Amino acid sequence: MLTPLGRLDKYVASENIFNRQMVARSLLDTLKAVSEDERDCIGVLERVGRLADDSEPSVRAELMEQVPHIAIFCQENRPSIPFAFSKYLLPIVVRYLADQNNQVRKTSQAALLVLLEQELVERGDIETLVCPVLVDLTAPDSNDDVKTEAMAIICKMAPMVGKDITERLFLPRFCEMCCDCRMFHVRKVCAANFGDICSVVGGEATEELLLPRFFQLCSDNVWGVRKACAECFMTVSSSTSQEVRRTKLSSLFINLISDPSRWVRQAAFQSLGQFISTFASPNSVGQYFREGEEGECNCVNSQNSIEEKPLNLDTTDPSLSDDSPADILAPSSFSLPEPAEEESPFVSPLDNIPEQELYNSFHFWRLPIAEMDLELLQQGESVQEEPPSYVSSSQGKTKASAPVLDRKQLEELIENLEPHIDDPDVKAQVDVLTAALRATTMDSHLEDAFLEPRDSQGGHHYDNPFGVHQMPLIGHHSDMERRNSTLQMNHGDDSELSDSSFSPEDEKKSKHQDVIPQALLDQYLSMTDPSRAQTVDMEIAKHCAYSLPGVAMTLGRQNWHCLRDTYETLASDMQWKVRRTLAFSIHELALILGDQLTAADLVPIFNGFLKDLDEVRVGVLKHLYHFLKLLHQDTRRKYLYQLQEFLVTDNSRNWRFRSELAEQLVLLLELYSGQDVYDYLRPLAFSLCLDRVSSVRWTSYKLVSEIIRKVASCQVLLADFLSELVEKFCHSPKWSGRQAFTFICQLAIEDDCVSLEQFSEHLLAPLLQLASDPVANVRVLLAKTIRQSLLEREYFLHSANSHQEALEQTLVALQMDLDKDVKYFASVHPGSTRLSEDAMSTTSSTY
């Protein structure tokens, strides 16, 4: 019958090691037991100090594992003793950082990082108690293992403690450790964390103090150190000025790419695209990023600093994978600034902001991409007309459109611009106009490839859109060869679409640009060379595809000609992982290139992906809406008939594919007219509503309700659609179909998809007939719909309403139902539950 403190005293002095371990493990429970008495709490903390002197390493390690939990408890429950942590617990953590036992040291290091992340250590204690100890542990005469571990802790602490403490206390020792001639392990730790230190101390300290050390580490005689430098190169580059990036870091990176070690070359090529992205100067591209609330940043136009676009930076989507560059490596958006007249020089408000600060807020590798408008305006006195330009709004509607020029007008414009081709701006316009010329040819080739077949009389086949004309799926080697030949034909069979008219000298010149050092671009373009896979990395093509949107954004649409051949090579790569990577990011690339280049160069590749393996098709499907909304309306409409092909997969068990299709179809509704939705999306929606997997069905119910909203403006389409809905679901022989009809009606009411008058005219009578359904689950959902949705609307409560009597009679019948659940939901209105949640819980367990 010992008190908590008495029991603690008894077992702390026990000779049995397991008893002392048990004491350490139960310290938090003991504190909770005496939490009402402040003196007893302090007594427990004093005994912690005695336990910290235990000679057994396992006891000390067990104690250190409990320290973060004890610290959190003290902070939350004992605010009256704020000194408890700094007096009793923090000294133990710091002392254990130099413990002779490796397990104890590792545990104390982990505990310290947790305490810092949770902000449980006061800033004064960090500066006076923690930092001096860590600096001493990295002294030249310190133990090698302790020195390496302490340096790793310093590097991890730097972002937490901030610039001031890092510069004053950590930076001198960090620079010293970068040159440690005896221990390459220490140099490797410094190299691996070099970018983090640069980000903390800023551009000035990076260029003056850290870059000389970085050059030494990049030429270290240990390949592991050089490899670590290659991996953090982008972060280091982000902290320097554009001039240093171009004149010093570029040549240094070229040395790493040609390193004797294959592992260094592999890391360098993987970081090449990221390094190139750091050349995307906000001053030249036209927008910069300003940090906002957590998980959000603001994209501010340099020409109009008032206009801001919030970007959602949520990265918790579980569907993301390393094969999804559109989400993981999506290039943040920029807008090309309009060229200014030579009498009115362009002045950017960014000129007064340090460049490295702008870039550090940008960080190319963020997600998702924002809306952007990319336009190249004419310049020069010889240009009489502007090339066509289209601007896609976030609502998927065309806000502005210049007149579309025919082939003859485009050829005349190009001919007028030829004498001024030396001007970079004029050259960029020629590239765009040339792409537009190719696009006009593309239209005639694409016209017959998309829309549904016609019968002999020229009419459309509307009867059974799912029965015939399925596209072949790729599953065997012969199919793969056929797909590759198709891709090659798409890109090379038309002489006007290829660059065969250019001489080899012109072809070589077409790869030149002035945005990044040409040597970097040449190395990036060489990543598709088959010899690279043998000498560097078997997956080097995948890394090239992974970073291509970032490189394209950095170079700008005016230099797309430098990347076009590389992109086509990657799109026809035999490895499906490479094509999958491109498929996930093709919508981002389309946003960067604009509508004309997209139609000319990306649409054929997009069409090839539609016929590819499911692993590739899912990338296209996941961002189908984002890609199609960037196309012209006529081109976009040509894909309507092909949507049915997504219902057929290589593996029928791949239900997530169909679920993603249903989600995309909800988004696609805004891109098409009500007639097109009725003709093409209606059969898809009804088919998905009958899927074997409940998750697919629930998403499809939402799709059907949104189709009702889309066609509600046309009385004929609405009447036909709702009539078919009643026939297929309300009169279905399966109870799940009748229950689905009830849920769709509930969604239509709650989401205001249809007016109450239209609902009453077409859906109310069939809905009330389900009161006599033989399946209780259908009647339960009907009772919830009437009680929680219909009777919540004043329209159905008005005495003059002709439907009020029918509703009351149905409700009375349900209240007298033999099933107790039906009776309950018809009689009671659970105010805390929402019908959609209740319905989901009911049917998901019974489907």
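The values are calculated or read from the model by the stated rules, or taken from the named source; none is laboratory data. The structure displayed is predicted, hence computed values, not measured ones. Methodologically, a virtual Cβ is constructed for each residue, glycine included, from the backbone with ideal geometry; neighbour enumeration extends over all protein chains shown. Protein only, heavy atoms only, side chains kept; ligands, DNA and RNA dropped before computing areas. Shrake-Rupley method; radii C 1.70, N 1.55, O 1.52, S 1.80 Å.
Residue-wise test of (1) surrounded by fewer than 22 Cβ atoms within 10 Å (Cβ to Cβ); (2) assigned to a helix (DSSP H, G or I).
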{"position": "V515", "(1), (2)": "yes, no"}
{"position": "R532", "(1), (2)": "yes, yes"}
{"position": "Q558", "(1), (2)": "yes, yes"}
{"position": "E568", "(1), (2)": "yes, yes"}
{"position": "A590", "(1), (2)": "no, yes"}
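Against the list (1) modelled with pLDDT under 90; (2) surrounded by fewer than 14 Cβ atoms within 10 Å (Cβ to Cβ); (3) more than 21 Å from L747 (Cα to Cα), the condition N801 fails is (2). For segment 804-827, a residue qualifies if it is hydrophobic (A, V, I, L, M, F, W, C), open to solvent by 10 Å² or more (accessible area, probe 1.4 Å) and over 44 Å from the mean Cα position of the chain (by Cα), and the qualifying residues are A806, L811, V812, A813, M816, L818. Within segment 657-671, the set of residues being free of Cβ contacts under 8 Å to residues at least 60 places away in the same chain and either small (G, A, S) or out of contact with any helix residue (DSSP H, G or I) (no Cβ under 7 Å at 6 or more places or on another chain) (or both) comprises S659, A662.
Return the residues of segment 4-62 that are over 21 Å from N102 (Cα atoms) and outside any helix (DSSP H, G or I); say none if nothing qualifies. Matches in segment 4-62: A13, S14, E15, N16, S26, V34, S35, E36, D37.
Is there a residue in segment 610-617 that is under 30 Å from S526 (Cα atoms), open to solvent by less than 10 Å² (accessible area, probe 1.4 Å) and over 21 Å from the mean Cα position of the chain (by Cα)? Looking for residues that are under 30 Å from S526 (Cα atoms), open to solvent by less than 10 Å² (accessible area, probe 1.4 Å) and over 21 Å from the mean Cα position of the chain (by Cα), one finds at least one in segment 610-617, hence yes.
Residues that are more than 26 Å from S687 (Cβ to Cβ), polar (S, T, N, Q) and either open to solvent by less than 20 Å² (accessible area, probe 1.4 Å) or without any contact (Cβ under 8 Å) to a residue 12 or more places away in the chain (or both) within segment 738-771 comprise just one, S760. From the set of residues in segment 234-279 that are farther than 17 Å from I540 by Cα and among the basic types (K, R), which is farthest from the chain's Cα centre (by Cα)? Taking the candidates together, the pick is K248.
Among the residues of segment 718-737, those identified as surrounded by fewer than 20 Cβ atoms within 10 Å (Cβ to Cβ) and among the aliphatic types (A, V, I, L, M) are A719, V726.
Looking only at segment 655-666, decide whether some residue is out of contact with any strand residue (DSSP E or B) (no Cβ under 7 Å at 6 or more places or on another chain), assigned to a helix (DSSP H, G or I), open to solvent by less than 10 Å² (accessible area, probe 1.4 Å) and under 27 Å from H543 (Cα atoms). Yes: one or more hits.
Of everything in segment 512-554 that's of a type in the set (S, T, Y) and more than 28 Å from the chain's Cα centre (by Cα), which residue is farthest from L570 (Cα to Cα)? Selected residue: T535. Between D773, D752, the distinction of being modelled with pLDDT under 95 and on the phi > 0 side of the Ramachandran plot belongs to D752 only. The set of residues from segment 632-654 being open to solvent by 20 Å² or more (accessible area, probe 1.4 Å) and aromatic (F, W, Y) comprises just one member, Y641.
Scanning segment 130-166 for residues that are open to solvent by 70 Å² or more (accessible area, probe 1.4 Å) and either in contact (Cβ under 8 Å) with a residue 60 or more places away in the chain or farther than 23 Å from K188 by Cβ (or both) gives K163, D164.
The residues of segment 570-588 that are open to solvent by 10 Å² or more (accessible area, probe 1.4 Å), part of a helix (DSSP H, G or I) and over 23 Å from L647 (Cβ atoms) amount to a single one, K577.
One residue stands out in segment 534-551 among those that are in a loop (DSSP other than H, G, I, E, B) and touching a helix residue (DSSP H, G or I) at 6+ places or on another chain (Cβ under 7 Å): the one that is most open to solvent (accessible area, probe 1.4 Å), namely D537. Could you say whether any residue in segment 684-705 is part of a helix (DSSP H, G or I) and acidic (D, E)? No, segment 684-705 contains no residue that is part of a helix (DSSP H, G or I) and acidic (D, E). The residues of segment 238-258 that are open to solvent by 10 Å² or more (accessible area, probe 1.4 Å) and among the basic types (K, R), listed by number, are R246, K248.
Listed here are the residues, each with its yes/no results for (1) free of Cβ contacts under 8 Å to residues at least 12 places away in the same chain; (2) in contact with a Lys or Arg (Cβ under 8 Å, 6 or more places away or on another chain).
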position	(1), (2)
V186	no, yes
R226	no, no
V236	no, no
V244	no, no
T247	yes, no
L252	no, no
R262	no, no
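Taking the listed residues Q103, Q109, the one that is assigned to a helix (DSSP H, G or I), in contact (Cβ under 8 Å) with a residue 40 or more places away in the chain, closer than 15 Å to P68 by Cα and of a type in the set (S, T, N, Q) is Q109, with no other qualifying. Take the residues of segment 788-798 that are in contact (Cβ under 8 Å) with a residue 12 or more places away in the chain and either of a type in the set (V, I, T) or surrounded by fewer than 20 Cβ atoms within 10 Å (Cβ to Cβ) (or both): which is nearest to G737 (Cα to Cα)? Selected residue: S789.
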